[in-house]
Amino acid sequence: MRQYALEDRITGEEIRQCRKSLGLTQEEFAGFANVSKKTVERWEYSKSPITGPIVTLVNILKNHPQIEEEKKIPERKTTLRLSYMFRDELCTVIDVDERNRSVEIINYSNHLLKRAFGKIEKPSYRQYEEFLESRCFPPTRDKMKLVLREYDIPFYDPMLIIEKTEGRMAEDDFWIRIER
């Protein structure tokens, strides 16, 4: 069995110092650590040593505090946000300004095949439209009108289709969450 040079316990004060050094509230730190705010409070006020995965997370954050900033999802600036997902993993956030036909993305995956636009960092609005079409059945699909009727969609529109199907395709585990 492999062994690791990792601490197996820390104090509540060390957790509090880590959280404060990142400029996070207890609630924000809880969100980052995927625990409840009450758990963070309990850790920080505990007189007993803290064990478990939080020990490793705190040590990683002490040595690489930029990770918190890299994983932070900024507030939405546009009326439309799409989250491109692989199973439960957020791969790309796509903010779309439909009025001005502009698109901004943030990639959270280093794996190019998991990114909505691959290696493209600043997609055009046309590339965004092509991406939407790629997550739908093609407009030339046999019996397309029957499929549209099944989804209660009056005409072929990739966004309407994605709103109904979440952009899920039979052959992969990608999907799209839409926020308006």
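Would you call GLU104 within 17 Å of the chain's Cα centre (by Cα) and either touching a residue at least 24 places away in the same chain (Cβ under 8 Å) or outside the structural domain of PRO158 (by TED's automatic domain parsing) (or both)?
Working: within 17 Å of the chain's Cα centre (by Cα): yes; either touching a residue at least 24 places away in the same chain (Cβ under 8 Å) or outside the structural domain of PRO158 (by TED's automatic domain parsing) (or both): yes.
The answer is yes for GLU104.
Among the residues of region 115-153, write down those that are part of a loop (DSSP other than H, G, I, E, B) and of a type in the set (S, T, N, Q). Even if it seems obvious, please write down each step before you answer.
First, the residues of region 115-153 that are part of a loop (DSSP other than H, G, I, E, B): 115-124, 135-143, 151-153.
Matches in region 115-153: SER124, THR140.
What number of residues within region 52-91 satisfy the criterion of being of a type in the set (Asp, Glu) and either farther than 30 Å from ILE10 by Cβ or outside any helix (DSSP H, G or I) (or both)?
From region 52-91, those of a type in the set (Asp, Glu) are 68-70, 75, 88-89; that's our starting set.
Still in the list and also either farther than 30 Å from ILE10 by Cβ or outside any helix (DSSP H, G or I) (or both): 75, 88-89.
Matching residues across region 52-91 total 3.
Which of the residues spanning region 140-152 are among the acidic types (Asp, Glu) and without any contact (Cβ under 8 Å) to a residue 12 or more places away in the chain? Steps first, please.
Residues of region 140-152 that are among the acidic types (Asp, Glu), as a first pass: 142, 150, 152.
Once the filter is applied, which keeps residues that are among the acidic types (Asp, Glu) and without any contact (Cβ under 8 Å) to a residue 12 or more places away in the chain, region 140-152 yields ASP142, GLU150.
Quick one: which of PHE174, PHE131, PHE155 is touching a residue at least 40 places away in the same chain (Cβ under 8 Å), hydrophobic (A, V, I, L, M, F, W, C) and in the same structural domain as GLU89 (by TED's automatic domain parsing)? Break it down stepwise before answering.
Numbers: PHE131 fails: touching a residue at least 40 places away in the same chain (Cβ under 8 Å); PHE155 fails: touching a residue at least 40 places away in the same chain (Cβ under 8 Å).
It is PHE174.
Take GLU89 and tell me if it is touching a Leu at 6+ places or on another chain (Cβ under 8 Å), loosely packed, with under 15 Cβ neighbours inside 10 Å, outside the structural domain of GLU27 (by TED's automatic domain parsing) and at negative phi. Before the answer, list the steps.
Details: touching a Leu at 6+ places or on another chain (Cβ under 8 Å): no; loosely packed, with under 15 Cβ neighbours inside 10 Å: yes; outside the structural domain of GLU27 (by TED's automatic domain parsing): yes; at negative phi: yes.
In short, no.
Pick from region 77-100 the residues that are basic (Lys, Arg) and touching a residue at least 60 places away in the same chain (Cβ under 8 Å): which of them is nearest to ILE162 (Cα to Cα)?
Taking region 77-100 as the starting set, the residues that turn out to be basic (Lys, Arg) are 77, 81, 87, 99.
Filter again for touching a residue at least 60 places away in the same chain (Cβ under 8 Å), leaving 81, 87.
Details: ARG81: 13, ARG87: 16 Å.
The extreme case among them is ARG81.
Taking region 92-101 only, how many residues are surrounded by 12 or more Cβ atoms within 10 Å (Cβ to Cβ), of a type outside the set (Asp, Glu) and either outside the structural domain of TYR125 (by TED's automatic domain parsing) or not in a strand (DSSP E or B) (or both)? Steps first, please.
We begin by selecting, within region 92-101, every residue surrounded by 12 or more Cβ atoms within 10 Å (Cβ to Cβ); these are 92-98, 101.
Cutting the leftovers down to of a type outside the set (Asp, Glu) gives us 92-94, 96, 101.
Imposing the further condition that a residue be either outside the structural domain of TYR125 (by TED's automatic domain parsing) or not in a strand (DSSP E or B) (or both) reduces the set to 101.
Within region 92-101, residues that are surrounded by 12 or more Cβ atoms within 10 Å (Cβ to Cβ), of a type outside the set (Asp, Glu) and either outside the structural domain of TYR125 (by TED's automatic domain parsing) or not in a strand (DSSP E or B) (or both) number 1.
The values are calculated or read from the model by the stated rules, or taken from the named source; none is laboratory data. Nothing here was measured: the structure is a model prediction, and the numbers come from that model. Ideal geometry is used to build each Cβ from the backbone, glycine not excepted, and the neighbour counts take in all protein chains shown.
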